[in-house]
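This report concerns only the one structure given below.
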Amino acid sequence: MTESPGAGRPDRCPADDRDRRRRVGVVLLTAGGPDRDSAIEPFLYRYFCDPVNLGVPAPVRPLFARVMARRRRRAAQRFYGRRDPPSPASAAVTALAQALQDTLSTNSDWSFRISGATRYWQPGVVEAAQDLVEAGVDRVIALPLSAVEGRATTRSWLAEWRSVWPTLAGDRPQALLPGLGAADPVLDALAALVRARPPGDRVLMVTAGMRTDGAWRRDPYARCARDVAAAVAGRAGLRPDDWALGFTGTAGPVPFTDPPAESLIRAAAGHSLSILPMGTLIETAETALTVDLDLVPFAYGQGVARVTRLPVLAETDAGLAALAAVIREEAGNG
């Protein structure tokens with residue numbers, strides 16, 4: 001499988017000199033994931049080259065990243081090998097960019113150009129920045145596709161974008177949104193997903209877990225996840241006993257965010273359960289593998305009567321409208 005030259009870029013038309021609307025670029029940021037088996041080790045290498053994920057001095061980080069990628073390759077192949085393509089993230093961010101481009105194309109105040117970018121794979125941040133520069137945008141909005149702000153997620157994605165954009169775009173201004181968990185349209189859309197669940201279902205909101213030791217103790221991720229989950233539950237009208245927030249994944253023999261999703265699933269035995277992927281707003285390995293292939297079968301094995309996996313926000317009309325509303329509001333602030 002080869003990458004097409006336009007990966008991550010919606011269909012485009014040459015700029016029309018007669019269009020006097022201000023041109024606003026939007027980059028949709030996510031971590032990404034390997035889109036084929038041969039991409040797993042290169043993806044891991046890029047992941048470990050991020051200083052947030054591997055705290056060694058910069059001069060030796062590429063060497064250590066190469067070693068770590070090789071060590072983790074087999075375990076990662078077992079995890080990703082259950083699906084083809086291994087991760088849907090690249091395709092999902094590209095599809096969302098096109099959908100938002102279509103949705104915002106009728107705006108009368110601004111001319112939008114939407115491009116998708118992944119932190120650790122393709123389409124990359126440099127490619128997205130080049131696309132926006134070539135489109136002649138006057139300013140750019142960087143939009144992390146997560147409802148949860150975190151050091152190893154949204155902050156890392158934005159840091160990479162911040163290092164690339166001025167190099168290619170000079171002094172063209174940029175607005176960096178730290179995360180979408182404080183955006184009313186996004187919270188309302190997530191709450192609507194919860195309200196549309198099968199009647200009587202308990203709700204388990206899930207997001208990827210993080211380490212809590214060392215520098216990770218200062219990460220706002222867990223606190224932000226709890227705040228967002230509580231906000232969604234409140235807007236959906238859930239009672240305290242009707243919902244919970246669980247973290248997925250493990251980090252071996254190190255402190256990790258609590259509670260794990262599995263413990264909450266055990267407590268739901270005998271009940272019906274709807275699972276809402278809350279952290280990521282697009283389909284990723286977290287949703288397509290961890291939730292669909294791990295948590296859902298685990299729930300049935302623990303005696304949960306029925307399991308419904310609710311869609312990610314970007315896969316719904318209401319979610320698309322919510323993201324478009326956030327972009328329009330930020331464009332108006334520029």
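Observations, loosely collected:
- Scanning the range 234-258 for residues that are over 22 Å from the mean Cα position of the chain (by Cα), at pLDDT below 95 and either at positive phi or of a type in the set (A, V, I, L, M, F, W, C) (or both) gives G252, V254.
- From the options E127, E160, residue that is within 17 Å of N53 (Cα to Cα) and either assigned to a helix (DSSP H, G or I) or not assigned by TED's automatic domain parsing to the domain that holds R218 (or both): E160
- Verdict on V291 being out of contact with any Ser or Thr (no Cβ under 9 Å at 6 or more places or on another chain), touching a residue at least 40 places away in the same chain (Cβ under 8 Å) and buried (at least 17 other Cβ atoms within 10 Å of the Cβ): no
- Residue match in the range 231-249 (condition: surrounded by fewer than 16 Cβ atoms within 10 Å (Cβ to Cβ), of a type in the set (G, A, S) and part of a helix (DSSP H, G or I)): yes
- When each of T290, T316 is tested for being under 22 Å from L238 (Cα atoms) and hydroxyl-bearing (S, T, Y), the lone residue that passes is T316.
- Condition check for T280 on (1) farther than 19 Å from E149 by Cβ; (2) buried (at least 20 other Cβ atoms within 10 Å of the Cβ): one failure, at (1).
- Subset tally (residues that are assigned to a helix (DSSP H, G or I) and among the hydroxyl-bearing types (S, T, Y)) for the range 269-325: 3
- Test: residue in the range 185-205 that is closer than 21 Å to A152 by Cα and surrounded by 15 or more Cβ atoms within 10 Å (Cβ to Cβ): yes
- Residue within the range 34-42 that is outside any loop (DSSP other than H, G, I, E, B) and either of a type in the set (K, R) or over 23 Å from the mean Cα position of the chain (by Cα) (or both) present: no
The values are calculated or read from the model by the stated rules, or taken from the named source; none is laboratory data. Not measured: the values here are computed from a predicted model. With ideal geometry, Cβ positions are generated from the backbone for all residues, glycine too; neighbour counts draw on all protein chains shown.
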